[in-house]
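Shown next, in structure tokens, is the structure this report addresses.
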Amino acid sequence: MKKISALIAAAAMAAAMTACSGGSSGESRQVNGTAAETKSAVHDYTYVTASGSTFSGTYTGGWENGQPNGEGTFEGEGETGKETVMGNWSNGKPNGQCKEVLRSDTDVRTWSGEYFYGELQGNGSWKLEDLNGNLINSYSGE
């Protein structure tokens, strides 16, 4: 009887571990960074832009020392609209090549280019569109 109970417990534990790790894909899923750090995980995150705007949402990607580090995507909402940042992150800030999209009630602003610890810096392109996708203004350069 003890052997059967041990086998059932082991099978239940294996099933639970498979469900938590996302199955056979090998990608693990975390919420709020409470488990061990992983290469790719989902976390609740509050992103504060260089201008001070705050967005609350989720970050999916590399996570280290309690903050985004590595390749990842943040999606959140704040007072100025919906924010998406995709690309390289370092110490909780976009760093390197990234794409940032801010969708407000009136327009969509997109930056594709270089960041230096959360600051737009280097080469890239910026565009401002109305909600129908009509170009209002754009810039490309350094």
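Calculated FRET efficiency, ALA50 to GLU71, Cβ-Cβ distance, R0 = 22 Å: about 0.60 to the nearest 0.05.
Across segment 114-127, coupling constants 3J(HN,Hα) worked out from phi with the 6.51/-1.76/1.60 Karplus curve, θ = phi - 60°, read 8, 10, 10, 6, x, 9, 5, 7, x, 7, x, 10, 10, 9 Hz, and Gly and Pro carry x.
Bear in mind these aren't lab numbers, they're just calculated from the coordinates by the rules spelled out. Please read these numbers as outputs of a predicted model, since none were measured by experiment. So basically every Cβ, Gly included, is an ideal-geometry build from the backbone, and we count neighbours across all protein chains shown.
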